[in-house]
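The values are calculated or read from the model by the stated rules, or taken from the named source; none is laboratory data. In this text the structure is predicted, and so the values were computed from the model without any measurement. We place every Cβ from the backbone using ideal geometry, glycine too, and count neighbours over all the protein chains shown.
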Amino acid sequence: MKKWISLLLILLVGCSSNNGDRNEQIDYQEVTAPQAVEVIAENLQIPWSIIKWNDTFFISERTGSIVRIDSQTVRQKVHLEKPLSTAAEAGLLGFVLSPDFEQSDKAFAYYTYEDSGNQLNRIVTLKLEDNEWTEQEILIDRIPSGQYHHGGRLKIGPDGKLYATTGDATEPEIAQDLSSLGGKILRLNLDGTIPDDNPFPNSYIYSYGHRNPQGLTWSPDGTMYASEHGQSAHDEINLIKAGQNYGWPKIQGDQHFEGMVTPLFHSDSDMTWAPSGMAFHQDKLYVATLRGNAVREFNLKTSESREVVTGLGRIRDVLIIDDSLYFVSNNTDGRGNPDESDDKLYKIELPIK
């Protein structure tokens, strides 16, 4: 049931950082803000990706379900070929519907699995039948996975290709290794083949030198952006171009090295956002932040950034439809402080004051 709640702004009094999505204790001071947010759905279980199809939302949950939200909320089973990993940050992650979903009932998913003592990621197709999803076809398998840093975001770009972010699996050196799929942004055709115009011959790799990218979006003119977790701060917002090297682990923050790209924005050495899903709207990027406990706005014209939604805990993904911003909290992931009805899908109108 939809309801309205007062939006609280949380002022960060102290912070530190760690590996993964960061789970330190924080002291807060609460202040009141003039806007309100609408609760679309609640009692979600570690939600990760938001998709909207006509009037229906589909939300992936790391625990291995897809939640369908329209006039009611229904948790749909997902039948996978491999056992779903329960490691930190792992599970059923990226999820996106096929462009022909109305006819095919097909979707794409990224998940972490266990195999003979190993932990890996794969990109697969899913088929919806009788209100349940079943794995149909493997598009890419054996993407590196470690204790943390699985990547996991899936998006279909304006060129009709499927893009995926992969983490460095806590092995930083593989981000620079073009023979490894870890620490990269991948690009593939919807049938799983390698596009002929990818920057490296016979390779899914579109860009490299990434630590743990978890957000992708495009502007109307096709410019691509990605969010990335840094090491002990130095989180990044990058403009992505084919074949470019984004520097990890050689450079971070404002550091420069020949042939490597410095980010558009970064959180510096004394602050961390842990950025995840992102969306573009009117020359601004809206980014879900986990450790930042906020939706953060990045103004591409002025190079300024600010928190625009706080007080709701860890935020995992955002989606913009017309002038409405939707986002999901992630307080049930073991690193937040959930209330009795967390996690939730929220809506707020743009622009945010």
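Details
- When residues in region 188-230 are screened for being part of a strand (DSSP E or B) and either under 19 Å from His281 (Cα atoms) or aliphatic (A, V, I, L, M) (or both), 11 of them pass.
- Leading residue by the ranking (surrounded by the most Cβ atoms within 10 Å (Cβ to Cβ)) among those in region 237-286 that are modelled with pLDDT of 95 or more and among the acidic types (Asp, Glu): Asp283
- In region 97-124, the residues that are within 23 Å of the chain's Cα centre (by Cα), farther than 25 Å from Asn212 by Cβ and of a type in the set (S, T, N, Q): Ser98
- Region 295-305: number of residues that are free of Cβ contacts under 8 Å to residues at least 24 places away in the same chain, farther than 16 Å from Glu236 by Cβ and not acidic (Asp, Glu): 3
- Identity of the residue in region 77-88, surrounded by 16 or more Cβ atoms within 10 Å (Cβ to Cβ) and touching a strand residue (DSSP E or B) at 6+ places or on another chain (Cβ under 7 Å), that ends up nearest to Glu132 (Cα to Cα): Val78
- Output for region 236-284, where each listed residue is in contact with a Leu (Cβ under 7 Å, 6 or more places away or on another chain) and either under 24 Å from Leu312 (Cβ atoms) or charged (D, E, K, R) (or both): Ile237, Ala274, Ser276, Met278, Ala279, His281, Asp283, Lys284
Residue-by-condition table, conditions (1) in contact (Cβ under 8 Å) with a residue 60 or more places away in the chain; (2) among the hydroxyl-bearing types (Ser, Thr, Tyr); (3) part of a loop (DSSP other than H, G, I, E, B):
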{"residue": "Ile50", "(1), (2), (3)": "yes, no, no"}
{"residue": "Ile66", "(1), (2), (3)": "yes, no, no"}
{"residue": "Gln76", "(1), (2), (3)": "no, no, no"}
{"residue": "Glu89", "(1), (2), (3)": "yes, no, yes"}
{"residue": "Pro99", "(1), (2), (3)": "yes, no, yes"}
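- Looking only at region 311-333, and only at residues there that are over 18 Å from the mean Cα position of the chain (by Cα) and closer than 28 Å to Asn54 by Cα, the one that is surrounded by the fewest Cβ atoms within 10 Å (Cβ to Cβ): Asp322
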